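Trainee: I have a structure here, written as structure tokens, and I will follow up with some questions on it.
The values are calculated or read from the model by the stated rules, or taken from the named source; none is laboratory data. As the structure is a computational prediction, the values presented were derived from the model and not from experiment. For neighbour counting, all protein chains shown are included, and Cβ atoms are generated from backbone atoms with ideal geometry for every residue, glycine included.
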Amino acid sequence: MKEKGTTKKSGLYVDIWRRLNKNKLAIIGLYFILFLIIVAVAGPLIAPYGMDDQNPNEILQFPSLRHPFGTDNFGRDMLSRMIYGSRVSLMVGLIAVGFSAAIGCTLGALAAFYEKADNMVMRFIDILGGIPYLLLAIAIAAALGSGINNMMLAVGISTIPAYARVTRASVLKEKGLEYVEAARAIGASDFRIILLHIMPNALSPIIVQATLGVANAIILAAVLSFMGLGIQPPSPEWGAMLSVGRTYIRDYWHMTVIPGVALMLVVYALNTLGDGLRDALDPRLKS
């Protein structure tokens, strides 16, 4: 029985990968994100200079063989700062989404499983979701102060409602099915039913939401840093680099265009991957 179950699960993963592989844009997005993760992890090994190495003799240089992305207003190598900045952007996106997904999924599952808690939990989510997430993140970051930890907390709190709603809808769909009644009949606790039976079957839309959520979190973190509420100098972050570069945009385009294009490519890759996962995980699209 165990081998049969393992084979069935392996076949499911192969089927999902086969459907995802049909979406070429999603695969390109996946490979790009994997490449970015490798660059972020290996940053200190591949960056040609330190993230804050200044050279007064090389201030505001355009891209060249010595500095492929040029230098900034302090003579720092833009390529090195972009590499180190990718670590910050990915870390903020992943940790913020992990935090918001953990809180949102817990609240959504409890609201769907317990009718008495549904109204109270979802009214709180409605109040939180009624505030534009950008405005909420700005307010939280302004109240807590600048810094990477406060920025991740602000981004995480502002995106909780999306995960709560998605999880609630998925759990409501699953909890009325026969396998849940069977688990209840053999004496399984509510915690076991939710954690081991319902949530594994409700993960598909949550995975898609999380993939798209990382893109939104990276953009939101860049916005906060652009406004001076996120990462503070000299730490490299793409939004902060954009904020500095706007002063020189007329004469030194590379300081704005390079981090802007990097943000655009990462968000586009995550969005295409999220769309591909949504189609691959949708059982109605099996062929």
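Trainee: If you take the residues in the range 162-190 that are among the basic types (K, R) and more than 30 Å from L134 (Cβ to Cβ), which one is modelled with the highest pLDDT?
Mentor: Among them, the one singled out is K173.
Trainee: Among the residues of the range 173-182 satisfying the criterion of being surrounded by fewer than 17 Cβ atoms within 10 Å (Cβ to Cβ) and touching a residue at least 12 places away in the same chain (Cβ under 8 Å), which is nearest to the chain's Cα centre (by Cα)?
Mentor: By that ranking, first place goes to K173.
Trainee: Filter the range 16-43 down to residues that are β-branched (V, I, T) and surrounded by 13 or more Cβ atoms within 10 Å (Cβ to Cβ) and give me whichever is modelled with the lowest pLDDT.
Mentor: That would be I16.
Trainee: Would you check if G187 is on the phi > 0 side of the Ramachandran plot and surrounded by 15 or more Cβ atoms within 10 Å (Cβ to Cβ)?
Mentor: When the stated conditions are applied, G187 does not pass them.
Trainee: So how many residues does the range 126-154 have that are assigned to a helix (DSSP H, G or I) and touching a Gly at 6+ places or on another chain (Cβ under 8 Å)?
Mentor: 3
Trainee: Could you give every pair whose Cβ atoms fall below 8 Å, whose first residue belongs to the range 44-59 and is without any contact (Cβ under 8 Å) to a residue 40 or more places away in the chain and surrounded by 14 or more Cβ atoms within 10 Å (Cβ to Cβ), and whose second residue is of a type in the set (V, I, T) and part of a helix (DSSP H, G or I), counting only separations of at least 6 or pairs across chains?
Mentor: A47/I83
Trainee: Failed condition for F74, given (1) at pLDDT 85 or above; (2) within 26 Å of A47 (Cβ to Cβ); (3) assigned to a helix (DSSP H, G or I); (4) not charged (D, E, K, R), with all others met?
Mentor: Condition (3) is where F74 drops out.
Trainee: A further question on this structure: Assuming A139 fulfils every condition listed in (1) surrounded by fewer than 17 Cβ atoms within 10 Å (Cβ to Cβ); (2) at pLDDT below 85 apart from one, which condition is it?
Mentor: A139 satisfies every listed condition except (2).
Trainee: I would also like to ask the following. Could you say which residue among I231, I193, I207, I198 is surrounded by 21 or more Cβ atoms within 10 Å (Cβ to Cβ), out of contact with any Pro (no Cβ under 8 Å at 6 or more places or on another chain) and either part of a helix (DSSP H, G or I) or modelled with pLDDT of 80 or more (or both)?
Mentor: On inspection, the qualifying residue turns out to be I198.
Trainee: When you go through G147, G156 one by one, which is the residue that is more than 16 Å from G98 (Cα to Cα) and either at pLDDT 85 or above or not aromatic (F, W, Y) (or both)?
Mentor: Only one candidate qualifies: G147.
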